[in-house]
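Have a look at the structure below before the remarks.
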Amino acid sequence: MQIQKNVPLAPLTTLGVGGNARYFVEVRTEAETREALCWASERELPLFVLGGGSNVVIADRGFPGLILKMSIGGVECGPENENRLFWAGAGNSWDPFVSQTVAEGMAGLVLLSGIPGTVGGTPIQNVGAYGAEVAAAIRTVRVLDRRDGRVVELPAAACSFGYRRSIFNTEERGRYLVLAVCYSLPKEASPELRYPDLLAFFSKKDTPPSLQEIREAVLQIRRSKAMIIAADEEDSRSVGSFFKNPILESAAFAELWSRAEKRGLTPPSYPTGGGKHKIPAAWLVENTGFPKGFHRASVGISRRHALAIVNRGGATAAEVVAFMGEIQDAVEALFAVRLQPEPVFVGFESCGTLALPAERWIGKQNESTLS
Ligand SMILES: Cc1cc2nc3c(=O)[nH]c(=O)nc-3n(C[C@H](O)[C@H](O)[C@H](O)COP(=O)(O)OP(=O)(O)OC[C@H]3O[C@@H](n4cnc5c(N)ncnc54)[C@H](O)[C@@H]3O)c2cc1C
């Protein structure tokens, strides 16, 4: 384990903004992860786990503690009744892992092809795309608990997965370091193609598409929206969708509806049960006067995706946060809906949050419990 000082973080993120880590370490094993945690704890330094950096906004002043870059690799698989289990180290890049499962004939993750980041990042916000969510495939999440230093296998039911949520980004934020994720994929399943773009893609096909064809379609659609990271694609210098789709209670939904109607607009909406409705954040942003391609100096909306805030080159985190606030305020003034950002803000005092201080724990080395 090698602790480095003053490491620039912007190049380790897809948005490419922010300052340095005071301390930085890349860990490749569980033992190194423990060691790094102890190192930060002994010095009472805040600690933040960085995966692929595809869902973070780093503050311009950087991070005052230890950035732990999670790079535990390895994938093991084996049968379990009708399913196949894949234990993947948290530091694996997500898409090559998805590609491996598709090559082995598993459909469970195919709709999540092309999402940037790491395996360990997927349970944090329960990544989802094209009608699929990783929650449906996760069996257990192997974590190091910062409270007591124990390694625990959390069953999916204990993770409280929901739309872009889990215990990892809500009530237990900062408590667990994800070491590995076990996915359980049915051998025979083929994915349900519900998403309009995918249905349109295959509309002229007479026979059901193969898994590989579905993966290629997802990648092609994502590429057309700059939702795949490419060095030569400026519009992919983002965190993907910057805002979550709001889920409104009936009163808030009625208010939105009446405000939209007065402007001659009909908001698209999807019932989510209990009288609540999910509204596409992209619709709110576009209809508030922030069309694709709109920009303020180095920060703007992607030309290919209405929800992606893009660093057009040389942007600062302050500019990104100011642009985010401008959109939030304008949408709220017009539609009475406050958009919530999707990425995690690192090193800011008053914006989202952040790394908790590394808590002191007396961990018995190599202790592991199953629950
Ligand atoms: C072009 C683009 C397209 C995207 N498309 C989608 C999409 O379709 N659907 C979607 O849901 N998301 C999407 N995203 C967002 C992002 O890719 C995912 O949220 C991804 O899972 C983040 O993983 P990461 O490893 O990059 O995490 P990071 O960005 O490094 O970290 C994000 C959060 O997860 C935590 N974290 C990461 N790894 C660990 C770990 N091992 N242990 C504990 N905490 C950890 C971090 O501390 C932080 O809080 C997109 C992003 C981009 C740039």
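Every number in this text was worked out from the coordinates using simple rules, so none of it is lab data. Being a predicted model, the structure only gives us computed values, none of them experimental. Because the Cβ atoms are built from the backbone with ideal geometry, glycine has one as well, and the counts that use them run over all protein chains shown.
Which value in deg cm²/dmol, rounded to the nearest 500, describes the helix-derived mean residue ellipticity at 222 nm for the chain, given -39,500 (n - 2.57) per DSSP H run of n ≥ 4 and division by the residue count?
The helix-only estimate for the chain comes to -6500 deg cm²/dmol at 222 nm.
Among residues other than Q125 with Cβ under 12 Å from its Cβ, the summed charge is +2 (Lys and Arg +1, Asp and Glu -1). Computed about its Cα centre, the charge dipole of the chain is approximately 480 debye, with only Lys, Arg, Asp and Glu carrying charge at their Cβ. Taken one residue at a time, the phi angles of segment 182-197 give Karplus couplings (6.51, -1.76, 1.60, θ = phi - 60°) of 9, 9, 10, 10, x, 5, 9, 4, 10, x, 7, 8, 10, 6, x, 4 Hz. Gly and Pro are set to x.
At each listed q (0.14, 0.20 Å⁻¹), what is the log10 of I(q)/I(0) that the Debye formula gives for segment 234-342 modelled as equal alpha-carbon point scatterers? So the normalised log intensities are -0.54, -0.99.
Per 0.36 nm of contour for each residue apart, how much would the distance between L85 and R312 grow if the chain were fully extended, relative to their Cα-Cα spacing? Working shown, then result.
Working: separation 227, 0.36 × 227 = 81.72 nm, distance 4.10 nm.
Gain on extension, L85 to R312, equals 77.6 nm.
For every other residue with a beta carbon closer than 12 angstrom to the beta carbon of R173, add +1 if it is Lys or Arg and -1 if Asp or Glu, then tell me the sum. Taking every Cβ under 12 Å from that of R173, the sum is +1. From the residues Y163, L199, G149, which one has its Cα farthest along the dipole of segment 132-227 in the positive direction, the dipole being from +1 and -1 charges on Cβ of Lys/Arg and Asp/Glu about the Cα centre? Among Y163, L199, G149, the one farthest towards the positive end of the dipole of segment 132-227 is G149. FRET efficiency for the pair R338 and R296, taken as 1/(1 + (r/R0)^6) with r the Cβ-Cβ distance and R0 = 25 Å, rounds to 0.75. The phi-based Karplus calculation (6.51 cos²θ - 1.76 cosθ + 1.60; θ = phi - 60°) puts the 3J(HN,Hα) values of segment 96-103 at x, 5, 4, 4, 4, 5, 5, 4 Hz, whole numbers, x for Gly and Pro.
Put the Cα centre of segment 228-255 next to the Cα centre of segment 34-72 and the gap is 26 Å. Taking amide H as placed 1.01 Å from N in the peptide plane, the amide H of V310 sits under 5 Å from that of G300, I301, S302, each at least 5 places away or on another chain. At full extension, A254 and D60 could sit 65.9 nm farther apart than now, given 0.36 nm per residue minus the alpha carbon distance.
A simple charge model with +1 on the Cβ of Lys and Arg, -1 on the Cβ of Asp and Glu and nothing else charged puts the dipole of segment 75-224 at about 440 debye relative to its Cα centre. Taking a ≥ b ≥ c as the square roots of the Cα gyration tensor eigenvalues, segment 154-310 comes out rounded, since a/c falls below 1.5.
Contact order for the chain, expressed relative to its length and based on alpha carbon pairs under 8 Å spaced 6+ residues apart, stands at 20 percent.
In plain terms, the chain from E44 to L219 could stretch by 58.7 nm, reckoned as 0.36 nm per residue minus the Cα-Cα distance. Taking the DSSP bridge list for the chain and keeping only pairs wholly inside it, about 75 percent are antiparallel.
Note: relative contact order over segment 83-218, using C-alpha pairs below 8 Å and six or more positions apart, is 33 percent. Per-peptide packing, taken as the mean over residues of other Cβ atoms within 10 Å, places 243-250, 106-113 in the sequence 106-113, 243-250 from highest down. The overall shape of the chain is oblate: from the C-alpha gyration tensor, with semi-axes ordered a ≥ b ≥ c, the ratio a/c is 1.5 or greater and a/b is no larger than b/c. How would segment 4-71 be classified by its alpha-carbon gyration tensor: rounded, prolate or oblate, with rounded meaning a/c under 1.5 and the a/b versus b/c comparison settling the rest? Judged from the Cα gyration tensor, segment 4-71 comes out oblate (a/c at least 1.5, b/c at or above a/b).
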